[in-house]
Every structure is written in C-alpha cells, then in structure tokens.
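Q: I'd like to ask some things about the structure below.
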Amino acid sequence: MLTEKEIHDVPETQLDMSRLPQHIAIIMDGNGRWAQARGMERAAGHVEGVTTVRRITEECSRLGIGYLTLYAFSTENWNRPQAEVDALMHLIATAIERETPDLIKNNVRLRVIGDRSRMPADTLARLERCVRDTSGGSGLTLVLAISYSSRWEITDAARRIAAEAAAGRLDPASITDDTVARNLATAFMPDPDLLIRTGGDMRVSNFLLWQIAYSEIYITDIYWPDFNAYDLRRAISDYQSRQRRFGLTGEQVQ
C-alpha cells in the first residue's frame with residue numbers, strides 16, 4: 001500500500017503543473033458494486049463514496065484545479081428503489097452540510113446543477129444554504145450534478161431559447177453555439193478538459209454531452225470508494241500525455 005507521502009509526492013513529479021486541466025468532471029461510478037463485493041448493502045458504498053468526494057476535492061483544491069464537477073445523481077436515478085433514492089438524497093444533503101465549514105476554510109465554492117423541481121424540498125433547501133454559505137470562495141469551484149442529465153439540460157435550454165424567439169427578443173437566424181452554451185446549466189464555467197469515469201463502464205451516461213465534445217476521457221476499473229489522490233494524479237498525467245487537436249492536424253497544433 002502506498003504511504004501518504006508516496007500518494008502525494010511520487011505522482012507530482014510526473015505532472016507538468018503549468019498544464020493542469022482547468023476543469024475536471026467525474027462520473028463517480030461503482031459505489032454499489034464496491035459494497036456488494038464486500039457483502040454490504042449498496043447504501044454503504046454511497047457512504048464510503050462521500051469520503052472519496054472529500055479527498056478528491058481536497059486534492060483538486062491543493063493542485064489548483066479551477067473546477068471539479070461530480071455526477072452525484074442523474075435524472076435516471078429517480079427510477080431506482082425509493083428507499084435507495086431517499087437514502088441518497090438524505091446522504092447528499094447531510095454530507096454537504098457537514099463539509100461546508102471545511103469548504104469555506106479551503107476557499108472552495110459550491111454550485112449545484114440539475115432539475116431542482118424534482119428534488120425533495122428539504123434537500124433542496126439544505127443544498128441552497130450551503131451554496132450561499134460558500135459563495136465567497138475564490139479557489140476551486142465544486143459543482144454537484146444532482147437530478148441532472150444532459151438531455152434534460154439541453155431540452156431546458158432549447159425551451160428557453162424558443163421562448164425568447166417567440167417573444168420577439170431573439171432572431172432564430174442569430175442562434176449560434178454560444179447561444180446554446182449561454183442557456184445551459186453550466187454557463188458559469190468552462191467545458192471540462194478531462195472527464196474521468198470510475199468503475200470501468202465505457203459510456204458517458206447522459207453527462208455533460210454538449211460540454212465534453214472535446215474533453216479527454218479517462219476510464220479506470222477502480223470503484224469510486226477506492227479512488228484516491230494517486231489515481232487522480234495518474235489520470236491527470238495521462239491527460240498531459242495526449243495532444244489535444246480540436247479537429248486540427250497534429251502538425252497544425254505543433
């Protein structure tokens with residue numbers, strides 16, 4: 001097992017600190033499978049996953065990453081057994097409340113994106129209070145995607161753009177990519193440079209479909225509860241080994 005010193009020092013020597021991703025997005029998968037592999041209830045995996053959220057947030061803050069977006073609960077997750085949904089909503093709100101003092105201490109700002117109309121009123125109120133309490137943070141912006149899916153987000157943006165056009169405030173011929181981007185829930189931050197998925201599945205699960213058009217994707221078999229600072233650094237190192245071409249040739253980029 002790596003020592004605490006090895007986790008922090010060995011990978012850092014592999015990183016170019018001048019080329020860190022500005023925005024990392026993570027699909028936190030594998031909580032349930034982690035628990036089941038240990039003969040535990042799925043809920044235990046979600047509880048353990050909260051610990052991982054804390055250590056990865058702390059590491060991103062320490063490295064100087066600008067934005068960290070975590071896929072905490074999708075719109076499709078509402079279809080899970082009600083007991084698991086209720087437990088997740090309670091866990092998310094309780095965990096964020098517990099972590100808020102440390103977020104403030106570490107200059108981390110919390111934002112929440114997703115369909116708030118479907119969230120339990122108590123959970124939403126508690127999350128909004130945490131967002132307000134951390135609003136003065138000027139370091140890492142931690143974004144929780146809760147009751148979120150990209151199809152919901154894009155549909156919502158299209159609806160609002162259509163309303164502007166119908167009201168005569170927007171010429172449909174003037175609609176551009178920027179028009180759509182400004183109407184997305186993520187309009188306040190840049191697109192992800194790096195998308196990480198834990199748990200080994202090879203899909204993006206309706207997450208930030210518009211925004212990850214040119215994100216570098218890193219998939220690991222490690223379940224989210226076991227993902228640590230070393231694993232994050234390894235993902236960043238892999239990201240830095242790639243050439244980001246954005247549709248150009250390699251020669252053009254060079």
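Q: Residue pairs, Cβ under 6 Å, 6 or more apart or interchain, first in the range 107-130 and of a type in the set (Val, Ile, Thr), second outside any helix (DSSP H, G or I) and surrounded by fewer than 21 Cβ atoms within 10 Å (Cβ to Cβ). List them.
A: VAL108/GLY137; VAL108/GLY139
Q: Only one residue in LEU124, LEU184, LEU209 is out of contact with any Leu (no Cβ under 6 Å at 6 or more places or on another chain) and part of a helix (DSSP H, G or I), so which one is that?
A: LEU124
Q: Which of the residues belonging to the range 220-254 are without any contact (Cβ under 8 Å) to a residue 40 or more places away in the chain, touching a Gly at 6+ places or on another chain (Cβ under 9 Å) and closer than 19 Å to GLU59 by Cβ?
A: Scanning the range 220-254 gives a single hit, THR220.
Q: Hey, can you tell me all the residues within the range 19-65 that are open to solvent by 70 Å² or more (accessible area, probe 1.4 Å) and touching a strand residue (DSSP E or B) at 6+ places or on another chain (Cβ under 8 Å)?
A: GLN22
Q: Here's a follow-up. Could you say whether any residue in the range 120-134 is open to solvent by 30 Å² or more (accessible area, probe 1.4 Å), modelled with pLDDT of 95 or more and polar (S, T, N, Q)?
A: Looking through the range 120-134, none of the residues is open to solvent by 30 Å² or more (accessible area, probe 1.4 Å), modelled with pLDDT of 95 or more and polar (S, T, N, Q).
Q: Is it the case, given these coordinates, that ILE146 is open to solvent by 10 Å² or more (accessible area, probe 1.4 Å), touching a Leu at 6+ places or on another chain (Cβ under 9 Å) and either modelled with pLDDT of 95 or more or over 24 Å from ARG55 (Cα atoms) (or both)?
A: In short, no.
Q: Could you list, in sequence order, the residues of the range 149-167 that are of a type in the set (S, T, N, Q) and open to solvent by less than 60 Å² (accessible area, probe 1.4 Å)?
A: SER149, SER150, listed by residue number.
Q: Can you tell me which residue within the range 110-119, out of those that are touching a helix residue (DSSP H, G or I) at 6+ places or on another chain (Cβ under 8 Å) and either among the hydroxyl-bearing types (Ser, Thr, Tyr) or open to solvent by 80 Å² or more (accessible area, probe 1.4 Å) (or both), is nearest to ASP86 (Cα to Cα)?
A: ARG118
Q: Can LEU208 be described as open to solvent by less than 70 Å² (accessible area, probe 1.4 Å), within 23 Å of the chain's Cα centre (by Cα) and at positive phi?
A: Yes; evaluated as a whole, the condition is true for this residue.
Q: While we're here: Go through the range 20-61 and count every residue that is touching a Ser or Thr at 6+ places or on another chain (Cβ under 8 Å) and part of a loop (DSSP other than H, G, I, E, B).
A: So the count comes out to 3.
Q: Being touching a strand residue (DSSP E or B) at 6+ places or on another chain (Cβ under 8 Å), farther than 25 Å from ASN31 by Cβ and outside any helix (DSSP H, G or I) narrows it down to one residue among SER135, SER147; which is it?
A: None of the other options fit; the residue is SER135.
Q: A further question on this structure: Of the residues in the range 74-109, how many are surrounded by fewer than 18 Cβ atoms within 10 Å (Cβ to Cβ), closer than 15 Å to ASN31 by Cβ and among the β-branched types (Val, Ile, Thr)?
A: Counting residues in the range 74-109 that are surrounded by fewer than 18 Cβ atoms within 10 Å (Cβ to Cβ), closer than 15 Å to ASN31 by Cβ and among the β-branched types (Val, Ile, Thr) gives 1.
The values are calculated or read from the model by the stated rules, or taken from the named source; none is laboratory data. Given the structure is predicted, the values throughout are model-derived calculations rather than measurements. Here Cβ is always computed from backbone atoms with ideal geometry, including for glycine, and neighbour counts include all displayed protein chains. The protein model used for the area step is the full one, side chains on, heavy atoms only, and it has no ligands, DNA or RNA in it. Shrake-Rupley method; radii C 1.70, N 1.55, O 1.52, S 1.80 Å.
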